[in-house]
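Here is the structure we will look at, set down as structure tokens.
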Amino acid sequence: AGIAFQSATTGTGTGTGYTLDSYEVGTFTATLKGSTGEPATLITTTATYTKVGNRVYFDIGFEAIDTTGYSGGVTVIGLPFPRASSGRSVVNYIPYNSTTWGSGRQVTAVIAASASLIEVLSVASDTAWAPVAHSAGTSRYSWFTGTYKTDA
């Protein structure tokens, strides 16, 4: 069921109707991954999303986790809807004691076109993007929030 909106008349007695035909709130399971090594049991967390039309808003928090066994690049899989088939979306990413990257590099996280995962990357001036590596151990924190467009 949608929510119908009617714009104000323009003086000619006409207006345009609009419908918000998709509003959804829910949870999903976000799973932490490592590109070169992972423990036998992967770390997961219950995350939240709100979908309004073709926009998905999400919050993921990995709190006080033990990442022993993870190595290589950091990714998170399990987004509730795939990213739209073109472009990328930038994700807000806050690590605490959980990742490492080279000196002078800037860190960001992105969702690629048609993907249902977040990649954590770093870049420096005039260099290629590189994966941000896990700093495995106890008491690790990573928070992700963002919005992206979906075709779903």
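So here's what we get for this one:
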quantity	calculated
Net length gained if the chain between residue 135 and residue 25 were fully extended (0.36 nm per residue, minus Cα distance)	36.3 nm
Label-to-label distance, nm, for residues given as residue 63 and residue 126 (7 Å Cα→Cβ offset)	4.5
Positive-end residue, the range 35-108 charge dipole about Cα centroid, Cβ charges, pick of 84, 64, 42	84
Among [x] -0.39, -0.46, -1.15; [y] -0.43, -0.50, -1.23; [z] -0.33, -0.40, -1.36, the entry derived from the coordinates for log10 I(q)/I(0) by the Debye sum over Cα atoms at q = 0.10, 0.11, 0.20 Å⁻¹	[y]
Gyration tensor (alpha-carbon) shape descriptor, the range 73-142, a/c threshold 1.5	oblate
Heavy-atom accessible surface of the chain: percent carbon and sulfur, 1.4 Å	52
Chymotrypsin sites (Phe, Trp or Tyr not before Pro) restricted to DSSP loop in the range 30-61 with at most 16 other C-beta within 10 Å	none
Value of Rg/Rh across the range 113-152 [Cα atoms, Kirkwood radius]	1.04
Average accessible area per residue (Å²) across the chain - probe 1.4 Å, nucleic acids and ligands excluded	54
Per-residue HN-Hα couplings for the range 60-67 [Karplus 6.51, -1.76, 1.60; θ = phi - 60°; Hz; x = Gly/Pro]	10, x, 9, 10, 6, 9, 9, 9
Heavy atoms of residue 88: accessible area, 1.4 Å probe, square angstrom to 10	150
In sequence order, calculated HN-Hα J values of the range 116-130 (Karplus, 6.51, -1.76, 1.60; Hz; x Gly/Pro)	10, 9, 9, 10, 9, 10, 9, 8, 10, 3, 6, 10, 7, 4, 9
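The values are calculated or read from the model by the stated rules, or taken from the named source; none is laboratory data. Bear in mind that the values here come from a model prediction, so they are computed numbers and not experimental data. Positions of Cβ are generated from backbone atoms using ideal geometry, with glycine treated the same way; all protein chains shown enter the neighbour counts. Each accessible area value is taken on the protein alone, full model and side chains, heavy atoms only, with ligands, DNA and RNA left out. Shrake-Rupley method; radii C 1.70, N 1.55, O 1.52, S 1.80 Å.
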